[in-house]
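The structure under discussion appears below in the form of structure tokens.
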Amino acid sequence: MIELKRTATVLLGALALASTTAVFAAPASTSQEWTYWLLSSSTSSLHSCASEVAKVRDASGLTYLYRASSHASCAQSLTTATVGPEEAVLFKPEAVEDGTRGLEGSWKMRALEALSITQSSPVEEDAGQVAFHLPTSPSMQLLSAHGASLVVAVTPSALATIDHHTTFDTRLQRLVFQPLSSFSTLTDKPEPKYNKPKHNSHVASILSSSAFNASRIESDLRILTGESAQPSEIGEWHSRHSATYGARLAGRWLKSQMEASLSAVNGSCEFWSYSPFFAPNIVCSVPASGEEEWVVVSAHYDSRGTFGSTTAPGGDDDGSGTSALLAIARALGSSPLALRSPVRLIFFSGEEQGLVGSSHYASALKEKVKLAIQMDMLAYRHPGEPLQLAFPDKFVTQSATDLVRQVAELYVPELEQGYTPACCSDHQSFWENNFPATWVFERNGPIKDPMYHNSGDVVDRDGYSVEQLRAIAKVVLASALHVAGFDKA
Ligand SMILES: [Zn+2]
């Protein structure tokens with residue numbers, strides 16, 4: 001009897017040990033918890049608990065998200081506070097042309113369903129916040145559902161796959177928190193004055209160089225999407241999703257291509273890591289003898305596929321901007337012009353999870369930036385529509401857009417110019433950090449690509465226009481040259 005009792009105790013002890021080990025193995029439990037609460041911009045008084053703030057921009061305006069790490073005391077004194085993990089992401093609907101994909105219900109309800117969040121009944125509304133029933137997930141916490149958007153707190157590891165919980169027409173934006181001491185109310189963004197560009201024969205001759213050959217650009221594109229054989233010395237990838245090994249392989253290939261293109265002008269490239277859960281940004285620098293202010297040209301090399309699919313060729317989004325950046329590097333590397341301002345050519349990762357790579361990069365940037373131009377989705381041209389070039393209608397530096405528009409008229413006048421309500425890409429991270437920035441896009445109006453955020457986003461399909469892609473790439477290089485300034489070498 002005594003012997004049996006002793007055996008039972010040992011067994012129970014072993015079980016307790018096993019379950020303790022399992023708890024410690026769960027990565028989510030190691031994430032720091034914060035207390036969050038929202039205040040509309042009209043609320044002037046700050047809560048004594050507040051230690052950090054992030055700006056939440058959406059179509060309905062500007063809201064401030066406060067947080068404090070001392071969650072126990074704050075949670076007791078704030079009626080609408082929520083406790084969650086340390087990253088916060090804004091979910092908002094993307095401007096996609098109606099009728100492309102038989103959507104049912106409101107965007108918000110579909111987004112909540114994708115997050116496995118069901119609306120509780122009755123709905124409690126308090127200061128613009130709506131109560132929802134949340135799944136018991138320590139890695140994800142709904143902070144608010146105000147206006148047309150959602151704010152969700154996630155762990156750093158869950159951030160890398162947050163797009164697995166979104167509909168294809170959801171845009172994500174990682175929110176950057178600042179210490180409350182550095183907080184000021186909405187500052188006016190700078191609108192620098194650029195010199196009016198004049199047609200320059202040296203620029204025109206670079207634009208007509210073989211760097212922009214359609215066949216060369218298409219060959220790069222097909223390697224990126226996997227439609228052509230990928231380099232055996234690096235390995236194959238089926239996706240450039242930020243959290244995959246494939247993205248790291250694609251990144252290695254991109255870096256080697258850029259180093260080869262830029263070696264003649266003493267260019268150099270580095271992996272710029274910001275999270276163990278994401279493939280790194282790739283940052284290339286082209287030096288100049290003159291001024292210190294940078295001109296930045298960028299694209300995002302990460303991709304996203306159909307919900308639940310591991311295939312993400314990202315031919316248009318953003319293989320198009322990525323291959324345009326490769327072409328621009330080839331043109332700069334063989335250019336007979338000596339730059340006056342340094343140029344940075346950057347491939348961002350984490351764009352699809354909320355401009356994550358660019359938000360880390362731009363908020364850490366110490367240099368001054370004269371102009372940042374993002375190339376994202378350049379190639380889809382709906383059958384029957386002309387060659388187009390569009391600019392964002394919000395969250396952008398208007399004088400930067402105006403400069404690029406003027407340059408386009410000088411060098412590629414066949415592009416029909418306009419604006420898009422689609423939002424946003426990595427230029428927004430620069431703009432948020434008070435650097436002048438704009439974005440070039442494929443279409444005047446909302447997104448019309450039927451393969452947007454789809455595993456069918458390949459190059460070999462109706463509507464994919466390498467002609468439009470290379471035309472826009474030329475506009476971007478000419479704009480960068482005009483703002484950087486140059487001398488004939
Ligand atoms: Zn994109």
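Looking at the range 201-488 alone, DSSP beta bridges between its own residues are antiparallel in about 40 percent of cases. Other residues with beta-carbon under 11 Å from the beta-carbon of residue 262 carry, at +1 per Lys or Arg and -1 per Asp or Glu, a net charge of +1. Taking θ as phi - 60° and the Karplus parameters 6.51, -1.76 and 1.60, the scalar couplings of the range 400-407 work out to 5, 4, 4, 4, 5, 4, 5, 4 Hz in sequence order, x denoting glycine and proline.
Strictly over 18 Å apart at the Cα level, which of 368/394; 189/370; 189/368; 198/488 would you flag in this model?
Values: 368/394 23 Å; 189/370 13 Å; 189/368 14 Å; 198/488 16 Å.
Table pairs above 18 Å Cα-Cα are 368/394.
Each of 234, 162 has some number of other Cβ atoms within 10 Å of its Cβ, and from fewest to most they run 234, 162.
For a test of the definition: using alpha carbon positions, the gyration tensor, and the 1.5 limit on a/c, classify the range 307-418 as rounded, prolate or oblate. Intermediate values should be presented prior to the final figure.
Working: a/c = 1.41, a/b = 1.05, b/c = 1.34.
It is rounded, given that a/c, with a ≥ b ≥ c, falls under 1.5.
Available extension along the chain between residue 434 and residue 236 is 67.4 nm, counting 0.36 nm per residue and deducting the alpha carbon span. Taking other residues whose beta carbon is less than 13 angstrom from the beta carbon of residue 86, and scoring Lys, Arg as +1 and Asp, Glu as -1, yields -1. Across the range 242-251, computed HN-Hα scalar couplings (Karplus, 6.51 cos²θ - 1.76 cosθ + 1.60, θ = phi - 60°) run 3, 8, 9, 5, x, 4, 5, 5, 4, x Hz from first to last residue, x flagging Gly and Pro. Here's how it looks for residue 355: its modeled amide H is under 5 Å from those of 174, which are all 5 or more places away or on a different chain. Ordering 258, 109 by the number of other Cβ atoms within 10 Å of each residue's own Cβ, fewest first, gives 109, 258. Straightening the chain between residue 266 and residue 199 buys 21.4 nm, computed as 0.36 nm per residue apart minus the Cα-Cα spacing. Which shape class, rounded, prolate or oblate, goes with the range 141-276 when its Cα gyration tensor gives a ≥ b ≥ c as root eigenvalues, a/c under 1.5 marks rounded, and past that a/b bigger than b/c marks prolate? Here the range 141-276 falls in the oblate category. A simple rule links phi to the HN-Hα coupling: the Karplus curve 6.51 cos²θ - 1.76 cosθ + 1.60 with θ = phi - 60°, which for the range 435-441 gives 9, x, 8, 9, 9, 9, 9 Hz, with x for Gly and Pro. Of the GluC sites (Glu not before Pro) found in the range 328-377, those that fall in a DSSP loop while having at most 14 other beta-carbon atoms within 10 Å are 367. By the beta-carbon count within 10 Å of each Cβ, the least crowded to most crowded order of 87, 52, fewest first, is 52, 87.
The shape of the range 201-488 comes out rounded: with a ≥ b ≥ c from the C-alpha gyration tensor, a/c is under 1.5.
Quick note: the coordinates plus some simple rules give every number you see, no bench work behind them. Please read these numbers as outputs of a predicted model, since none were measured by experiment. With ideal geometry, Cβ positions are generated from the backbone for all residues, glycine too; neighbour counts draw on all protein chains shown.
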